[in-house]
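The values are calculated or read from the model by the stated rules, or taken from the named source; none is laboratory data. None of the values given here were measured: they were computed from a predicted structure. For neighbour counting, all protein chains shown are included, and Cβ atoms are generated from backbone atoms with ideal geometry for every residue, glycine included. Please note that ligands, DNA and RNA were not included when accessible areas were found on the heavy atoms of the full protein model with its side chains. Shrake-Rupley method; radii C 1.70, N 1.55, O 1.52, S 1.80 Å.
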Amino acid sequence: MARFSLRQQWTILLIASLVLGIILQLFHLPAALLLGPMIVGTVMGLSGATVRIDKRLFVLAQAVLGCMIGQTLSPAILSPLLADWPVVLAVLVLTLAASGLSGFLLVRFSNLPGPTGAWGSSPGGASAMVAMAGDFGADVRLVAFMQYLRVLFVATAAAVVARIGLGTNGGAVELVWFPALQSSFILTLVVMFAGAWLGQKLHIPSGALLLPALIGATLHGTDVATLQVPEWLLALAYALIGWSVGLRFTRPIFLLALRTLPQMLVSIFGLMLLCGGLAWMLTQVLHVDLMTAYLATSPGGLDTVAIIAAGSRVDIAFVMALQTLRLFTILLTGPAIARFISRYAHAGAS
């Protein structure tokens with residue numbers, strides 16, 4: 001792949017992503033326009049492609065996604081957290097315990113350094129985990145590989161589960177790709193750029209997504225305005241996020257991680273199963289359906305889970321509330337968990 005020029009690589013990336021995305025869309029697979037580019041990007045990355053997505057474009061794509069979330073939410077997002085706070089707290093604690101156990105066992109039965117295993121197995125915003133990992137002595141390349149490998153598996157599994165939950169007619173809604181643009185579209189662009197800039201300026205984890213979502217939800221909840229996010233803009237944001245994730249799977253990083261890949265896969269699948277068990281527990285104690293509970297506890301990136309939730313018949317407020325709270329909880333507790341794993345995992349092996 002490296003023998004092709006950047007222009008040729010971009011052409012292959014665009015055409016292949018478009019074709020695969022359309023094929024997946026024909027099967028009414030939720031997040032098809034994310035999964036198609038993500039899969040193509042992964043294949044090209046492992047084939048030695050040198051094309052990369054500018055970080056600023058990735059940040060703007062997250063901001064577009066945040067505006068989309070803001071369209072559907074209101075300040076009522078807090079109600080599921082407050083109404084069922086004992087259950088939410090229990091899920092958070094169990095998720096932390098599951099990720100801690102996953103990281104501990106990964107370090108215990110591999111040659112990975114403690115901080116690398118801890119940050120690589122933390123189920124939160126993948127980009128936030130990678131950004132923080134280097135400050136705590138972790139190998140950022142391996143953390144990125146583990147995080148985005150899990151995002152790839154989780155996004156695919158969640159989309160398939162969502163497809164099963166939707167049934168045969170669930171995705172047959174006719175989309176208007178190029179609606180007439182209204183004045184609210186200008187407001188959307190303002191919220192998007194301002195939220196992305198502030199999120200980066202204030203160093204808020206996943207701030208480019210969370211701030212536009214919060215602003216949009218406030219505007220919507222107070223009946224001041226409703227943002228307009230056309231389908232073509234969402235499709236572009238999905239593609240940029242999918243490419244950003246997929247193209248990170250480069251051959252050098254893959255070869256570096258190959259010796260611990262089996263342990264990584266066991267850790268990822270184990271964490272997915274544990275979170276799936278938590279989803280089932282949620283359905284037993286709360287009035288939520290299994291699909292909502294599965295996405296709320298899914299250990300993927302906040303942005304990919306939001307995309308899948310938006311294309312599914314789920315309680316998106318509950319999903320985003322639990323995912324956002326878990327992200328900030330892990331950001332606060334991550335350093336302590338990493339220190340614990342570093343101190344005791346290898347000590348137990350000796």
Test: residue in the stretch 238-258 that is farther than 30 Å from LEU6 by Cβ, among the aliphatic types (A, V, I, L, M), open to solvent by 30 Å² or more (accessible area, probe 1.4 Å) and in a helix (DSSP H, G or I): no
Lone unmet requirement of (1) modelled with pLDDT under 80; (2) open to solvent by 60 Å² or more (accessible area, probe 1.4 Å) for ARG56: (1)
Residue match in the stretch 280-290 (condition: closer than 23 Å to PRO115 by Cα and open to solvent by 20 Å² or more (accessible area, probe 1.4 Å)): no
Subset of the stretch 25-42 (residues that are within 19 Å of the chain's Cα centre (by Cα) and assigned to a helix (DSSP H, G or I)): ALA32, LEU33, LEU34, LEU35, GLY36, PRO37, MET38, ILE39, VAL40, GLY41, THR42
Residue that is at pLDDT below 80, outside any loop (DSSP other than H, G, I, E, B) and surrounded by 24 or more Cβ atoms within 10 Å (Cβ to Cβ), where the choices are ALA296, ALA309, ALA336: ALA309
